[in-house]
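Inspection log for the structure reproduced underneath, given as structure tokens.
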Amino acid sequence: MKPVCLVLGAGRGIGANVGTYFADHGYHACLVRRSNQEALNESIDLIQKAGNLATGYLINVIEDDSVEDLIENIEQNIGPIEVLVYNLGAQSGMKLLAETSYKEFEWAWRIANLGLFRTAQSLIPLMQQREKGTFLVTSATAAMRGNKNQHSHASAMGGRRMLCQSLNAEFASKGIHIAHIIIDGMVDAPDTLGKMLGDKEFNKLKEDLGSSDLLISPLEIAKTYYQIHLQHRSAWTHELNISSYLDKQWWND
Ligand SMILES: NC(=O)c1ccc[n+]([C@@H]2O[C@H](COP(=O)([O-])OP(=O)(O)OC[C@H]3O[C@@H](n4cnc5c(N)ncnc54)[C@H](OP(=O)(O)O)[C@@H]3O)[C@@H](O)[C@H]2O)c1
């Protein structure tokens, strides 16, 4: 039985790339996304055609009991979840205060924080029994600084960062490696950034930035996630910042 890498939020950007990379390195990739069955099937097919193991789930992670049931099901029927990638984003566009509904604000908190809390509460006790586990949490520049059009996103991602620190404080000493990974720039992610910008603008962005490596490659992010997982416990990274070579990092901008 192979160990499992469970990716919550496995679109064709960071999520599926991380799952595929772990599958290439001996893991059974369990990919979860919310609405696009066809794209999920494509990601699973690609992994299987390379001779590796993958299972796909179309689930809304923040619906009642869904993530708890999913974790139980995978642990019973597929294998022990050794690596968890919490990749759900809470971005809903650039909106000033008057344009941000309180429902949207609440949704961002649910997806950025409550979903992560519920995942941790279901999975960390199992990892703790095994004294082994890696919790990789994707984050964003908004976790580090607020902005005039980021009310719901920045407050939710800032909270996610604090939750990661709290989990780390309680569980690092129990053998669970928790990493908060700040993606500080735009990613070649058709299902998130691509959707937000629309096909025309996204394709132009890819043309303008992609060839000079200014659009962050999700495959390169996946390699970094794998390296974090491999780290020796005497030298664990809890937080890191990923940006392209010409981008100004959040603290310089
Ligand atoms: N893309 C960027 O430029 C960028 C920049 C900075 C930070 N980030 C961070 O990167 C992470 C996302 O990575 P990505 O942008 O490369 O996206 P991705 O991995 O390509 O896709 C994420 C997927 O999450 C799924 N999802 C959303 N809500 C869900 C829910 N409630 N339950 C289950 N699945 C759900 C969506 O599935 P469906 O499409 O099927 O609905 C979406 O395709 C986020 O944490 C975000 O904050 C991204």
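The values are calculated or read from the model by the stated rules, or taken from the named source; none is laboratory data. Keep in mind it's a predicted model, so treat the numbers as computed, not measured. Ideal geometry is used to build each Cβ from the backbone, glycine not excepted, and the neighbour counts take in all protein chains shown. Accessible surface is based on the protein model in full, side chains and every heavy atom, while ligands, DNA and RNA are left aside. Shrake-Rupley method; radii C 1.70, N 1.55, O 1.52, S 1.80 Å.
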What whole-number distance in Å separates the alpha-carbon centres of region 57-105 and region 225-253? 23
Violating pairs (Cα-Cα greater than 25 angstrom) within the set K174/K248; K103/K223; K204/K248; K49/K223; K2/K195: K174/K248; K103/K223; K2/K195
Table column - 3J(HN,Hα) (Hz), region 197-214, Karplus curve with 6.51, -1.76, 1.60, x for Gly and Pro: 7, x, 4, 4, 5, 5, 5, 5, 4, 5, 5, 6, 9, x, 6, 9, 6, 9
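So, R0 is 30 Å and r is the distance between the beta-carbons of A235 and M94; what FRET efficiency does that work out to, to 0.05?
After rounding to 0.05, the efficiency reads 0.20.
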Quote the FRET efficiency, to the nearest 0.05, computed for M196 versus F117 with a Förster distance R0 of 22 Å and r equal to the Cβ-Cβ distance. 0.30
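Based on the Cβ-Cβ distance of L246 and M162, what FRET efficiency does E = 1/(1 + (r/R0)^6) give at R0 = 41 Å, to the nearest 0.05?
So the FRET efficiency works out to roughly 0.85.
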The chain: relative contact order as a whole-number percent, Cα under 8 Å and 6+ apart: 20
J(HN,Hα) series, region 148-158, from Karplus relation 6.51 cos²θ - 1.76 cosθ + 1.60, nearest Hz, glycine and proline x: 5, 10, 10, 4, 6, 5, 5, 5, 5, 6, x
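Give me the dipole magnitude in Debye, nearest 20, for the chain about the Cα centre, with unit charges on the beta carbon: positive for Lys and Arg, negative for Asp and Glu.
420
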Can you give me the distance in nm between label points at N203 and Q129, each placed 7 Å from the Cα along the Cα-to-Cβ direction? 5.1
Label E220 and N41 with points 7 Å out from Cα along Cα→Cβ: what is the distance between them in nm? 3.4
Quick check: with the 1.4 Å probe, what order do K195, K2, K49 take by accessible area, largest first? K49, K195, K2
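So what is the relative contact order of region 1-102, in percent, for Cα pairs below 8 Å that sit 6 or more residues apart?
That works out to 33 percent.
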So how far apart, in nm, are the two label points at S211 and N149 if each is 7 Å from Cα heading toward Cβ? 2.8
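Counting pairs of Cα atoms in the chain, how many percent are more than 26 Å apart?
Considering the chain, 36 percent of its Cα-Cα pairs are separated by more than 26 Å.
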Sorted by accessible area with a 1.4 angstrom probe, largest first, how do M1, M196 fall? M1, M196
For region 59-174, the dipole about the Cα centre with charges only on Cβ (Lys and Arg +1, Asp and Glu -1), to the nearest 20 debye, works out at 660
For region 152-253, which whole percent of the accessible surface, found with a 1.4 angstrom probe, sits on carbon and sulfur atoms? 52
